Amino acid sequence: MFLGYLIYDLTFMIVYWRELRDVSGVVHHVLFMPSAAYVLAHSIMAFPFCWLAFCEVSTPFVNYRWHLAAAGRKGERIYVQNGLLVALLFFVSRVVCYGLGLAHLLSLARVWGPGSGEPLGHSLVVCLFALGYGLNLYWMAAIVKAARRAVQRGGGERVGASQSTDQLRDLRE
């Protein structure tokens, strides 16, 4: 199911490239699609994929933010509230839970890492997970910056989180 979602979302980003220009989102999917395919093909790392799937809890609210913006509702209270909810959910799921899951996975390197007798692909998957965590930290920094500005302004203009380079640029303005 996770792989199917990644394929769907990547297809959406490609179809709407002119509107989204979602470079970081494409990178995110390019990192996780081969990881998901490898994990499924080898029936490994089920627990890490549980916490990776949990990270998507913020996605519906990120998407709702985009719809509110597209509908011209950036100045409304719901936009600000949704943006703050995105920030909270993103932090809990993609920084805290992902970070704890990655730390746990790294603590088990003797099981999957070099010298464990497992194929190199296992280690490469973990490297892709680590790169994905770095991308989430990048996004979180942009979200915090935008949320701080929104609270200081007290308005809804350009508040919220994003999973695209274009929308992150919007947050910086």
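Would you mind stating whether A87 is more than 15 Å from C50 (Cα to Cα) and part of a helix (DSSP H, G or I)? Steps first, answer last, please.
Values: more than 15 Å from C50 (Cα to Cα): yes; part of a helix (DSSP H, G or I): yes.
Judged against the criteria, A87 is a match.
Please enumerate the residues belonging to segment 98-110 that are within 16 Å of L131 (Cβ to Cβ) and within 19 Å of the chain's Cα centre (by Cα). Talk me through it step by step, then tell me what you get.
Start the filter on segment 98-110 by keeping residues that are within 16 Å of L131 (Cβ to Cβ), which leaves 98-99, 101-103, 105-106.
Y98, G99, G101, L102, A103, L105, listed by residue number.
Can you tell me which residue within segment 93-145, out of those that are of a type in the set (D, E, K, R) and in a helix (DSSP H, G or I), is surrounded by the fewest Cβ atoms within 10 Å (Cβ to Cβ)? Break it down stepwise before answering.
Restricting attention to segment 93-145, the residues satisfying the condition of being of a type in the set (D, E, K, R) are 94, 110, 118, 145.
Now restrict to residues that are in a helix (DSSP H, G or I): 94, 110, 145.
Numbers: R94: 27, R110: 9, K145: 13.
Applying the filter and picking the extreme gives R110.
Starting from segment 137-157, keep only residues that are at pLDDT 85 or above, then list their pairs with residues that are not in a helix (DSSP H, G or I) whose Cβ atoms are within a distance under 8 Å, requiring at least 6 positions of separation or different chains.
W139/A161; W139/S162; W139/Q163; A142/A161; A142/S162; I143/G160; I143/A161; I143/S162
What number of residues within segment 11-38 satisfy the criterion of being over 13 Å from the mean Cα position of the chain (by Cα), under 16 Å from V62 (Cα atoms) and assigned to a helix (DSSP H, G or I)?
4
Spot the failing condition for A71; the list is (1) surrounded by 15 or more Cβ atoms within 10 Å (Cβ to Cβ); (2) free of Cβ contacts under 8 Å to residues at least 40 places away in the same chain; (3) of a type outside the set (S, T, Y), and only one is missed.
(1)
Pick from segment 45-67 the residues that are under 22 Å from R149 (Cα atoms) and without any contact (Cβ under 8 Å) to a residue 24 or more places away in the chain: which of them is surrounded by the fewest Cβ atoms within 10 Å (Cβ to Cβ)?
If we take residues in segment 45-67 being under 22 Å from R149 (Cα atoms) and without any contact (Cβ under 8 Å) to a residue 24 or more places away in the chain, then H67 is surrounded by the fewest Cβ atoms within 10 Å (Cβ to Cβ).
Only one residue in V95, V23, V62 is at pLDDT below 90, touching a helix residue (DSSP H, G or I) at 6+ places or on another chain (Cβ under 6 Å) and under 24 Å from G134 (Cβ atoms). Which one? Steps first, answer last, please.
On the way: V95 fails: at pLDDT below 90; V23 fails: at pLDDT below 90.
The conditions single out V62.
What's the number of the condition S162 fails, among (1) modelled with pLDDT under 85; (2) hydroxyl-bearing (S, T, Y); (3) in a helix (DSSP H, G or I)?
So the condition that S162 fails would be (3).
The values are calculated or read from the model by the stated rules, or taken from the named source; none is laboratory data. Quantities reported herein were computed from a predicted structural model and do not represent experimental measurements. In this analysis, Cβ positions are derived from the backbone assuming ideal geometry, glycine residues included, and neighbour counts consider all displayed protein chains.
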